[in-house]
Each structure stands twice: as C-alpha cells, then as structure tokens.
C-alpha cells in the first residue's frame, strides 16, 4: 500500500517524493540522512528536490518530523524572499526585517486614555 511517498517494505520504508526546499534545509536533511536517502535538485524546478531511498521503520517518525520542519522553514524562507523581491520592485531598497522598530520594554509611559478617542 502506497501512502504519500512512503511505501512499507518489510522493516523498511521506501521513500520517493519531491519537495520544495530551500538549499539550507535540503543540506540539513542530506547531512542527517545521507546514509539512507539521496536528496538531489530537480532540473525542471529550482526549488524542488527529489528525495529517494530506504529508511528503517524506527527512523520514520524522526524523519517525518524533521521533513515537516524543513518544509515549513523553506516556505518561510521563500515568502521572505518574495517580500524582499516585491519591495525592490516598488523601489524600496530595504528589507522588511531591517525596517523593524524595536518596542521598548516599558511601553507604559503614555499619559493619554485610549477610551477618549473611541467613536462609540
């Protein structure tokens, strides 16, 4: 029975899937599982990686957790790159991360009452 790119064979799971990963996350997974899995870049899509190999059942839960984390971090990285690209297209020369204003630890120094400005 084949499920989501993982097929059990005896005491191992065959893995064959494609995933959009950042280079950093692909390298982390490769370094951790290089004895079991081959992680290579796809030629048709620069963000996709091919992941193939066999893992023992005892490693599957750890692999799934690390794989899901890698996908989530990659999505965040790609979203950040998109924001930077769009800012550059609009003429902004700064990154949204560099433009963050730090909130002071003691922000209670205001002497006005919020309730006075409410329209209701």
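The values are calculated or read from the model by the stated rules, or taken from the named source; none is laboratory data. Since this is a predicted model, take the numbers as computed values, not measurements. Using ideal geometry, Cβ is built from the backbone for each residue, glycine included, and neighbour counts are taken over all protein chains shown.
What to note about this one:
- Residue that is surrounded by the most Cβ atoms within 10 Å (Cβ to Cβ) [pool: residues in segment 39-66 that are more than 12 Å from residue 15 (Cα to Cα), under 16 Å from the mean Cα position of the chain (by Cα) and in contact (Cβ under 8 Å) with a residue 12 or more places away in the chain]: 49
- Filter result (under 17 Å from the mean Cα position of the chain (by Cα) and in contact (Cβ under 8 Å) with a residue 40 or more places away in the chain) within segment 13-38: 19, 20, 21, 22, 24, 25, 26, 28, 29
- The lone criterion from (1) surrounded by 12 or more Cβ atoms within 10 Å (Cβ to Cβ); (2) modelled with pLDDT of 90 or more left unmet by residue 95 is number (2).
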